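Have a look at the structure below, then the notes.
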Amino acid sequence: MRPWREADVGPLFRILLNEETLRYFPAGPVPTRPRIAGLVARQLIHWARRGYGWWAVEELAVEGKLCGWCGLQYLLETGETEVAYLLDKPCWGRGLATEGAGAAVKFGFEVVGLDSIVGLIHPDNLASGRVLEKSGLIFTRKQKYFGMTCCRYAIMK
């Protein structure tokens, strides 16, 4: 995991064009390069303001190959901090989400000093639920986030 770079916009755009990658995410506008450039820019601002955010996830075996993102995101609507991850399909099933989510939770508690972290998943995304559980989060309830019903997981310091 590493900080975002401008060069990540093109690879992230390609990742987000895959409908299967976004299957469990809320419906939103079609990804465009300018929107993805804005996403990367907002992450850099988030890091500067909050001291945390999403990291770019890069393939170690192929230096510079972007796999997706993982990290922490402040949710303005609820005041919570979410551990979140999105990986390109060829990177699924290799433990990258679990490793990244666990590192993000540890970073949130030990470096940032957060008291709690939530994880939000689509109810049908069982694999993502396992990632959160392996990272120490426990299912708390179903709740609306981002205009859809999510399974909410949480962990306290």
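The values are calculated or read from the model by the stated rules, or taken from the named source; none is laboratory data. Since we're looking at a predicted model, the values are computed, not measured. Please note: Cβ atoms are built from the backbone with ideal geometry, for glycine as well, and neighbour counts cover all protein chains shown.
Taking the numbered list (1) surrounded by fewer than 17 Cβ atoms within 10 Å (Cβ to Cβ); (2) of a type in the set (D, E, K, R); (3) free of Cβ contacts under 8 Å to residues at least 40 places away in the same chain in turn, K89 passes all entries but (3). Here the range 52-77 is the region considered, the condition is being touching a residue at least 60 places away in the same chain (Cβ under 8 Å) and either over 16 Å from the mean Cα position of the chain (by Cα) or assigned to a strand (DSSP E or B) (or both), and the residue that is farthest from S135 (Cα to Cα) is E77. Is there a residue in the range 88-98 that is in contact with a strand residue (DSSP E or B) (Cβ under 8 Å, 6 or more places away or on another chain), among the β-branched types (V, I, T) and at pLDDT 90 or above? Taking every residue of the range 88-98 in turn, none turns out to be in contact with a strand residue (DSSP E or B) (Cβ under 8 Å, 6 or more places away or on another chain), among the β-branched types (V, I, T) and at pLDDT 90 or above. Do the conditions hold for G119, that is, is it buried (at least 21 other Cβ atoms within 10 Å of the Cβ) and either basic (K, R) or outside any strand (DSSP E or B) (or both)? It is false that G119 is buried (at least 21 other Cβ atoms within 10 Å of the Cβ) and either basic (K, R) or outside any strand (DSSP E or B) (or both).
Here is a yes/no grid of residues against (1) farther than 18 Å from W55 by Cβ; (2) at pLDDT 95 or above; (3) within 14 Å of the chain's Cα centre (by Cα):
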{"position": "E110", "(1), (2), (3)": "no, yes, no"}
{"position": "G113", "(1), (2), (3)": "yes, yes, no"}
{"position": "S116", "(1), (2), (3)": "yes, yes, no"}
{"position": "G119", "(1), (2), (3)": "no, yes, yes"}
{"position": "H122", "(1), (2), (3)": "yes, no, yes"}
{"position": "S128", "(1), (2), (3)": "no, no, yes"}
{"position": "S135", "(1), (2), (3)": "no, yes, yes"}
{"position": "K144", "(1), (2), (3)": "yes, no, no"}
{"position": "M148", "(1), (2), (3)": "yes, no, no"}
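Return yes or no: is R141 in contact with a strand residue (DSSP E or B) (Cβ under 6 Å, 6 or more places away or on another chain) and either of a type in the set (V, I, T) or without any contact (Cβ under 8 Å) to a residue 24 or more places away in the chain (or both)? So R141 passes the test. I'd like to verify a number: residues in the range 11-32 that are touching a helix residue (DSSP H, G or I) at 6+ places or on another chain (Cβ under 8 Å) and at pLDDT below 90, how many? So the count comes out to 9. Pick from the range 122-156 the residues that are exposed (fewer than 14 other Cβ atoms within 10 Å of the Cβ) and hydroxyl-bearing (S, T, Y): which of them is farthest from E20 (Cα to Cα)? The qualifying residue farthest from E20 (Cα to Cα) is T140. Of all residues in the range 115-147, those satisfying the criterion of being under 24 Å from H46 (Cα atoms), of a type outside the set (F, W, Y) and out of contact with any Phe, Trp or Tyr (no Cβ under 8 Å at 6 or more places or on another chain) are D115, S116, S135, K144, G147.
Just to be sure, is A84 within 21 Å of N18 (Cβ to Cβ) and in contact with a helix residue (DSSP H, G or I) (Cβ under 6 Å, 6 or more places away or on another chain)? So A84 does not fit the description; no. Residues that are surrounded by fewer than 21 Cβ atoms within 10 Å (Cβ to Cβ), touching a helix residue (DSSP H, G or I) at 6+ places or on another chain (Cβ under 9 Å) and not in a helix (DSSP H, G or I): does the range 99-113 have at least one? No, the range 99-113 has no match at all.
Just so you know, in the range 59-75 the residues that are at pLDDT below 85 and surrounded by fewer than 15 Cβ atoms within 10 Å (Cβ to Cβ) include one that is nearest to H46 (Cα to Cα), and it is G64.
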